[in-house]
1. Leaving out ligands and nucleic acids, note down the accessible area per residue over the range 523-662 with a 1.4 angstrom probe, in whole Å².
2. Normalise the Debye intensity by I(0) for the range 52-153, one equal point scatterer per Cα, no solvent, then take log10 at q = 0.14, 0.18, 0.22 Å⁻¹ and round to two decimals.
3. Provide, as a two-decimal number, the C-alpha radius of gyration of the range 337-422 over 2.2 N^0.38 Å, N being how many residues it has.
4. Enter the mean projected area of the convex hull around the alpha-carbon atoms of the range 305-346, in nm², rounded to one decimal.
5. In whole Å, what is the distance between the alpha-carbon centres of the range 92-138 and the range 422-444?
6. Below 8 Å between Cα atoms, with a sequence gap of 6+, how large is the relative contact order for the range 397-478 in percent?
7. Any idea what angle helix 79-95 forms with the longest principal axis of the chain, computed on alpha-carbon atoms, 0 to 90 degrees, nearest 10?
8. Hey, if we sort Val157, Val547 by accessible area with the 1.4 Å probe, largest down, what's the order?
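The values are calculated or read from the model by the stated rules, or taken from the named source; none is laboratory data. The shown structure was predicted, so the numbers you read here are calculated from the model rather than taken from an experiment. Positions of Cβ are generated from backbone atoms using ideal geometry, with glycine treated the same way; all protein chains shown enter the neighbour counts. Remember, those area values only see protein heavy atoms, side chains included, never the ligands or the DNA or RNA. Shrake-Rupley method; radii C 1.70, N 1.55, O 1.52, S 1.80 Å.
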Amino acid sequence: MSDITLVIDGVECRAAKGDTILQVARRNDIYIPTLCWMEGLTPIGSCRMCVVEAEGNPKLLTACTTPAENGMKIHTKTDKLKQYRLQILELLFAGRNHFCMFCSQTGDCELQRLAIEHGMDKVRYPFLYEPFHNDATDPNIQLDHNRCILCLRCIRVCAEKVGAHTLDLEKRGWGTNVTADLGKMLGESDTCVSCGACAQVCPTGTITLRDFVYRGRRNDCDDQVESICPLCSLGCRIKAYVRTGSVARVEGLSANSPDGGQLCHRGRWGLPKSTERDRLKAPMIRTGSSFREASWEEVLNLIASKLGTASKANRAGALLSELSTDEELSVVSSFFRDTMKMEKVDGFYGNLLRGFVKGFQPFADQGVRPFTGAHNILGSDAIVVIGADPQEEAPVAASYIRVSTIIERAKLINLSAGKNPFDGITDADIRAALGGEMEKALISLRVAVEGGDEPEDPGMKEAARILREARKPVFVIGSGLAEHPALVTEALNLAVASKAFFDDGLGAVPMLRGGNCLGALNTVIGESDWLSESELDFLYVLSTGMVDEDKRSLEAMTRARFVVVHTPFMVHPLVNMADVLLPAPAWFERSGHYCTLEGERRRMNMIVPPKGNLKGLSVIMDELAGKLGLELQPASAAPCENVYEAKSPSAAARTVSLKEVL
């Protein structure tokens with residue numbers, strides 16, 4: 001793009017052709033007030049607060065929508081503009097019930113801030129509005145139409161970032177309202193995914209989160225810490241607001257990032273609500289049906305004696321949460337694998353990861369990275385969802401799919417046995433049960449894409465046509481396919497046949513469970529499933545307490561004779577099965593790194609310092625090693641970013657025979 005030069009408030013600014021006046025001003029630290037504008041969303045210029053004067057132009061121009069032109073001379077702070085903006089603010093206040101002293105968002109409201117900034121001490125216009133209803137039908141989100149300024153931020157973020165298209169306008173003039181599903185109450189909506197993005201972008205007290213509205217206004221919070229959400233493999237970036245030593249609320253970080261600054265229901269509600277759980281504050285030892293508090297010395301001596309005996313008989317194991325950081329997984333791996341020489345170390349999702357590894361292996365052997373970052377769903381022209389329910393497995397990935405399909409006009413193919421997770425926007429819907437039936441469907445599609453026999457089924461035929469014509473397809477592989485590694489391989493064969501090649505790997509996005517599955521894969525996941533059948537004398541369990549343990553893990557704990565549970569919370573049934581409880585830092589008290597499905601190693605930052613009688617994981621493992629007469633060895637696992645390091649470009653991949661998997 002060619003460069004242009006313009007002058008804003010006497011400052012010479014360089015810009016690229018196509019930039020708006022507001023973009024140029026912000027890059028040069030020149031303040032222009034805004035209300036309906038938000039970074040990452042389509043500018044609409046409806047609030048008129050960002051108007052500026054351009055020499056030689058008799059009109060006031062909205063800076064957020066007007067392209068900058070070479071030679072422009074822009075003024076942003078004239079008396080005329082100040083009076084105009086003040087008039088706009090007065091009209092907004094007259095249009096609805098904006099009496100700040102009665103609003104829960106006073107102090108956090110952008111409309112209130114602009115009124116104070118412009119010296120508004122009265123409203124010259126009559127209050128002609130009728131009372132609007134307060135929609136409290138949704139259990140999580142409240143929508144008070146009396147506070148709405150019709151900036152349409154909520155509508156735009158729901159459509160452009162979440163892809164749900166739940167919100168829109170109804171009626172006209174003074175009676176215009178935001179509505180759900182073309183006339184429904186929000187709690188009656190069929191399309192709302194309860195992500196809370198609309199509440200985060202709302203500039204007033206119109207849309208609020210009921211659980212957090214009185215926990216602390218943003219401006220009242222003591223600190224704001226950027227971190228990541230550990231609850232799924234995407235590792236969405238978050239901003240945590242801290243008040244009086246606790247997490248008051250959690251929000252997405254930036255609407256300008258690929259994820260749109262959004263969080264799913266689990267991240268927005270689950271993370272801050274977890275701070276209310278009962279904490280494990282000191283080591284505890286079971287005595288009958290209850291626990292007694294013990295010293296670290298007593299607890300570690302007991303653990304060392306049980307572990308030492310059990311490991312000599314090869315009847316000791318360790319089970320770790322994939323929500324742990326790279327550093328935590330490395331420390332545990334260094335103790336159990338490298339120091340204790342134990343083979344029985346695994347993760348809660350060990351079977352799932354082993355299934356994906358087995359299916360990926362023929363392509364990894366070719367030096368090709370067998371998957372790509374989830375953000376590459378955006379910008380693709382064909383998406384194939386294979387046995388997946390992204391809204392359940394990785395909700396932000398589901399948003400990528402909806403946005404790519406509805407806004408970017410990508411074709412969407414669903415191949416599954418159950419309900420179509422994207423019913424209504426799918427171009428081809430194919431029914432096939434997991435196992436042999438789905439395998440035949442995948443092979444048939446691949447043959448057709450490669451120019452072989454056309455399938456008879458209309459849905460299959462349409463899917464084959466879409467993939468032949470696609471230039472940048474992406475394949476979303478559900479976690480259920482990991483039970484059948486041959487299906488994972490066939491899904492990648494179809495990706496290769498469809499030329500789903502990206503710079504960072506093959507165009508496949510596996511729905512991995514757990515925030516740090518890739519890190520666990522490189523450090524603690526065993527080669528075989530010893531957990532399902534083992535009768536252990538000792539089992540160490542490291543849990544973050546954030547997700548429910550699966551049946552396989554709980555059954556293994558039931559069979560073990562002595563169980564040590566290392567967890568931040570008094571979560572059941574986990575605690576019920578423990579003989580020893582060790583307190584651990586909660587997610588907001590930890591720091592470290594996660595290897596995310598976005599292809600980045602992202603950092604989790606400590607939000608609140610740990611409280612209680614806690615010891616660091618490395619200190620515990622070092623002391624245990626000492627009590628066993630050993631020296632803690634360094635971890636042998638490589639950094640997580642080396643997992644499936646690409647040695648060849650994805651375009652070099654070739655299809656493989658299932659004999660290479662079975």
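1. Values: 6320 Å² over 140 residues.
Per residue, the range 523-662 has 45 Å² of solvent-accessible surface.
2. -0.70, -0.97, -1.22
3. On the way: Rg = 16.9 Å, N = 86, 2.2 N^0.38 = 12.0 Å.
Expressed relative to 2.2 N^0.38 Å, the Cα Rg reads 1.42.
4. Numbers: hull surface 11.5 nm².
Dividing the Cα hull surface by four gives the mean projection, 2.9 nm².
5. If we compute the Cα centre of each part, the gap is 52 Å.
6. Working: 71 pairs, mean separation 16.7, N = 82.
About 20 percent, as a whole number.
7. 70
8. Values: Val157 5, Val547 50 Å².
Sorted descending by solvent-accessible area, the residues read Val547, Val157.
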